[in-house]
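Before any comments, here is the structure.
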Amino acid sequence: MPRVGVLALQGDVREHVAMLVNIGAEVVTVRQAEQLDDLDGLILPGGESTSIAYLLTTSGIRPVLEKKLADGLSVFGTCAGLILLSREILDGRADQWSFASLDVSVRRNGYGRQIASFEQPVDVVGVGEVPGVFIRAPRIETWGSELEVLATLDHGDGGHPVLVRQGNVWGCSFHPELTTDSRVHQLFTDSL
Ligand code: GLN
């Protein structure tokens with residue numbers, strides 16, 4: 001049974017916890033740097049990337065997680081979590097920092113604002129179609145050749161990756177935790 005943390009500073013923590021419990025993982029809600037020890041994986045939830053970034057700094061988690069990422073901890077960022085892992089943030093706040101662990105450039109609210117939120121099925125490599133819930137979602141605009149693209153979605157925009165992996169770091173622009181389909185979480189925990 002993998003031991004998976006969910007960063008619990010802000011965002012839809014509860015939904016990720018429920019999903020992980022449902023697939024039989026041991027779950028730790030992470031609010032302090034020490035809780036990052038002895039994890040097999042960590043999820044950075046959706047929410048507000050600027051708030052989560054601020055709380056990562058004030059809680060002292062930022063430098064510890066930075067080191068864990070470099071040491072190979074498996075980390076999966078969904079929506080705001082993806083923004084936090086990206087190399088470059090477009091339309092971010094001027095002082096917005098990120099871990100730069102995924103070689104992607106993301107545009108905050110790249111699919112439009114709250115009112116433009118949508119659901120569209122996403123075809124995931126090796127899994128099949130899963131429901132895709134996009135809420136003020138970041139859009140991956142450019143990506144490096146080391147990136148494994150596990151799902152691409154054409155939302156009338158020619159198609160952009162929506163689920164990606166680069167070694168131990170995973171990111172998706174939608175919210176698999178807001179559905180009853182646990183296969184995306186399963187894909188991540190199976191890799192741990
Ligand atoms: N647009 C939000 C941000 O910039 C992310 C939205 C989400 O996580 N649902 O943080």
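The values are calculated or read from the model by the stated rules, or taken from the named source; none is laboratory data. Please read these numbers as outputs of a predicted model, since none were measured by experiment. Because the Cβ atoms are built from the backbone with ideal geometry, glycine has one as well, and the counts that use them run over all protein chains shown. We work out accessible area using only protein heavy atoms, side chains counted, and drop any ligands, DNA or RNA first. Shrake-Rupley method; radii C 1.70, N 1.55, O 1.52, S 1.80 Å.
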- Message: Looking at the range 50-76 only, could you name the residues that are of a type outside the set (Phe, Trp, Tyr) and in contact (Cβ under 8 Å) with a residue 60 or more places away in the chain?
- Response: Leu69, Gly72, Leu73, Ser74, Val75
- Query: Does Ile115 count as within 16 Å of the ligand (Cβ to nearest atom) and surrounded by 13 or more Cβ atoms within 10 Å (Cβ to Cβ)?
  - Reply: no
- Which numbered condition Cys79 fails, given (1) in contact with a Ser or Thr (Cβ under 8 Å, 6 or more places away or on another chain); (2) without any contact (Cβ under 8 Å) to a residue 60 or more places away in the chain; (3) not hydroxyl-bearing (Ser, Thr, Tyr): (2)
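Any residue at all in the range 21-37 that's more than 18 Å from Arg183 (Cα to Cα), touching a Lys or Arg at 6+ places or on another chain (Cβ under 7 Å) and open to solvent by 10 Å² or more (accessible area, probe 1.4 Å)?
Going through the range 21-37, the residues more than 18 Å from Arg183 (Cα to Cα) turn out to be 28-37.
Still in the list and also touching a Lys or Arg at 6+ places or on another chain (Cβ under 7 Å): 28, 36.
From what is left, the residues that are open to solvent by 10 Å² or more (accessible area, probe 1.4 Å) are 28.
Yes: the range 21-37 contains one or more residues that are more than 18 Å from Arg183 (Cα to Cα), touching a Lys or Arg at 6+ places or on another chain (Cβ under 7 Å) and open to solvent by 10 Å² or more (accessible area, probe 1.4 Å).
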- Query: Given the structure, is Gly167 within 24 Å of Arg183 (Cβ to Cβ) and modelled with pLDDT under 95?
  - Reply: no
- Taking the range 56-79, which residues are in contact with a helix residue (DSSP H, G or I) (Cβ under 8 Å, 6 or more places away or on another chain) and charged (D, E, K, R)? Arg62, Lys68
- Item | So Asp40, is it touching a strand residue (DSSP E or B) at 6+ places or on another chain (Cβ under 6 Å) and at positive phi | no
- Note on the structure: Among the residues of the range 137-154, the number that are open to solvent by 10 Å² or more (accessible area, probe 1.4 Å) and either closer than 29 Å to Glu26 by Cβ or not in a strand (DSSP E or B) (or both) is 7
- Item | Residue satisfying all of: in the range 38-76; surrounded by 14 or more Cβ atoms within 10 Å (Cβ to Cβ) and polar (S, T, N, Q); nearest to Phe188 (Cα to Cα) among these | Ser74
- Message: With the structure loaded, tell me whether Leu84 is surrounded by 22 or more Cβ atoms within 10 Å (Cβ to Cβ), in contact (Cβ under 8 Å) with a residue 12 or more places away in the chain and closer than 21 Å to Gly144 by Cα or whether it fails that test.
- Response: yes
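Residue by residue, here is whether (1) among the aromatic types (Phe, Trp, Tyr); (2) outside any helix (DSSP H, G or I); (3) away from the ligand (no atom under 16 Å from the Cβ) holds:
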position: Thr57; (1), (2), (3): no, no, no
position: Val64; (1), (2), (3): no, no, yes
position: Lys68; (1), (2), (3): no, no, yes
position: Phe76; (1), (2), (3): yes, yes, no
position: Ile89; (1), (2), (3): no, yes, no
position: Gln96; (1), (2), (3): no, yes, no
position: Phe99; (1), (2), (3): yes, yes, no
- For the range 101-112, name all the residues that are within 12 Å of the ligand (Cβ to nearest atom), in a strand (DSSP E or B) and out of contact with any helix residue (DSSP H, G or I) (no Cβ under 7 Å at 6 or more places or on another chain). Arg107
- Message: Only one of Asp157, Asp190 is more than 16 Å from the ligand (Cβ to nearest atom), surrounded by fewer than 17 Cβ atoms within 10 Å (Cβ to Cβ) and within 25 Å of Ala8 (Cβ to Cβ). Can you tell me which?
- Response: Asp190
- Message: Yes or no: the range 23-31 includes at least one residue that is among the hydrophobic types (A, V, I, L, M, F, W, C) and over 25 Å from Phe174 (Cβ atoms).
- Response: no
